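Below you'll find the structure, written out as structure tokens, and then a few comments.
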Amino acid sequence: MAVKKSDNILIIGAGVFGLSTALELTKRGYSNITVLDRHVPPVVDGSSVDISRIIRADYADPVYSQMALEAYKGWTSTYSNFYHQSGFIMLSETPENPYVEGSKRNILDKGGHVDEFSNINQMSSIYPSIEANLPSSSGYHNPVGGWADAAGSISHLASECSVAGVSFITGPRGTVDSLRHSSNRVVGVNFADGTHLLASQVILATGAWSNRLLDLSHTASSSGQPVGFIQLTPAEASKFAQTPVMINMTTGVFSFPPTPGTNILKIARHGYGYATEAPSEATGRLVSGPRRNSSNAASGYLPDDANAALRDGLRQLFPSLGDRPWSNRRLCWYTDTPTGDFVIDRHPVMDGLFVATGGAGHAFKFLPILGKYVVDCFENRASSELRQKWKLKPLTKESGPVVMAGDGSRGGPPLRKLSVLEQSKL
């Protein structure tokens, strides 16, 4: 069925997928859009929020590299108040890392500049405050790149949506318990408070919570990635203010410069993460994912091995801060896909349902232009290449467990399922 501009469209999820899609729909004349979420954006435990997210065009996949360059124009214009061009260093402790080499090639092919090094200490001529202790490292520096205030960016995007006429329903009234069906068509949503809301179209943009509402286990799963924060003194923050964003592709550990104003230094790991087991509201099957009915950012718990890995990464990248206690810790929830590609497509069986998820730990950096790509797919305007790349494959009897290997950008140990005791502490 053709979608009319006056049709009632419900978007489940107020993260980067949901909000950017809502705003783009209004720009194209859709006039009846409602965003639903457990919390008011920026959602406290979403993967699109926090004090910082990496902004880079350094991708081994030329499609995402080009998209990131497009997004960069938005970060340096519409979202310039939230973007910090610190520079970006990608390194590996093993020679000729395929992802590093592919990313470097794409940057150079698009006319960019990189500074290569065989030891990160060679970067002290550009960044005198670098004190990283990684003598076997090699990689490159890209001056075009840095980080963005994620929560601030999402707040701005949500405000843009509100001004454009998008409605929001949050709290228990906006917490979706299940999709509402009529035969093979999705006709709305059922809320946790027992009420429901009908719609002509439903867009599922629920990130790590997606398998709770729809069985996507054959193409998406969720994992928790460790994040740690350290409170610096003003003098320490001044010392490290000019350091770049750095990522070690061998361990997956990455770091940011101290956040201006708060002097908080953040370090995290882009790896395979940790899995949980929780019953899916959609199928009753056990799936990996964050809790629905409480904040997943509140406990400050990390598994012991995750804590140790972050501590080791801190000692490598900032040796003088290596024993500093954490001021806060948490798991950041990714929506993993087998190849690290997004899932942006109409459901192959359920009419009235469109899926926009699978951020795989890298959707946020496309915030200024992501909605354009989602709505192009929604309106069947996207290229056949992109439609195939982001296709939602049907669930069949032959569909079995899938390895969420990603795009080659992750480092560190393989995915580990948390024990019952560990899950109880989250």
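The values are calculated or read from the model by the stated rules, or taken from the named source; none is laboratory data. Everything numeric here is computed off the predicted structure, so don't read it as measured data. Note that we place each Cβ from the backbone using ideal geometry, even for glycine, and neighbour counts take in every protein chain shown. Just so you know, the surface numbers come from the protein's heavy atoms only, side chains and all, with ligands and any DNA or RNA stripped out. Shrake-Rupley method; radii C 1.70, N 1.55, O 1.52, S 1.80 Å.
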Any residue in the range 353-378 that is free of Cβ contacts under 8 Å to residues at least 40 places away in the same chain sitting within a Cβ distance under 7 Å of a residue that is in a strand (DSSP E or B) and not β-branched (Val, Ile, Thr)? List the pairs, counting only those 6 or more apart or interchain. 377/345
Name the pairs: first residue in the range 228-247 and open to solvent by 70 Å² or more (accessible area, probe 1.4 Å), second residue in a loop (DSSP other than H, G, I, E, B) and of a type in the set (Ser, Thr, Tyr), Cβ to Cβ under 7 Å, at least 6 apart or on different chains? 231/327; 239/129; 242/127; 242/129
Which ones in the range 264-286 are more than 27 Å from residue 231 (Cα to Cα), more than 18 Å from the chain's Cα centre (by Cα) and open to solvent by less than 20 Å² (accessible area, probe 1.4 Å)? 276, 278, 280
Taking the criterion of being at pLDDT 95 or above and basic (Lys, Arg), would at least one residue in the range 363-379 satisfy it? yes
Members of the range 13-50 found to be open to solvent by less than 10 Å² (accessible area, probe 1.4 Å) and not in a loop (DSSP other than H, G, I, E, B), listed by number: 16, 18, 19, 20, 21, 22, 25, 33, 35, 36
Among the residues of the range 133-167, what is the count of those that are under 16 Å from residue 371 (Cβ atoms), touching a residue at least 24 places away in the same chain (Cβ under 8 Å) and not charged (D, E, K, R)? 9
Could you please find all residues in the range 138-175 being among the hydrophobic types (A, V, I, L, M, F, W, C), assigned to a strand (DSSP E or B) and over 21 Å from the mean Cα position of the chain (by Cα)? 168, 169
Exactly one of these conditions fails for residue 118: (1) loosely packed, with under 15 Cβ neighbours inside 10 Å; (2) in contact with a Lys or Arg (Cβ under 9 Å, 6 or more places away or on another chain). Give me its number. (2)
Kindly provide the set of residues from the range 64-110 that are part of a helix (DSSP H, G or I), among the aliphatic types (A, V, I, L, M) and open to solvent by less than 30 Å² (accessible area, probe 1.4 Å), ordered by number. 67, 68, 71, 100, 107
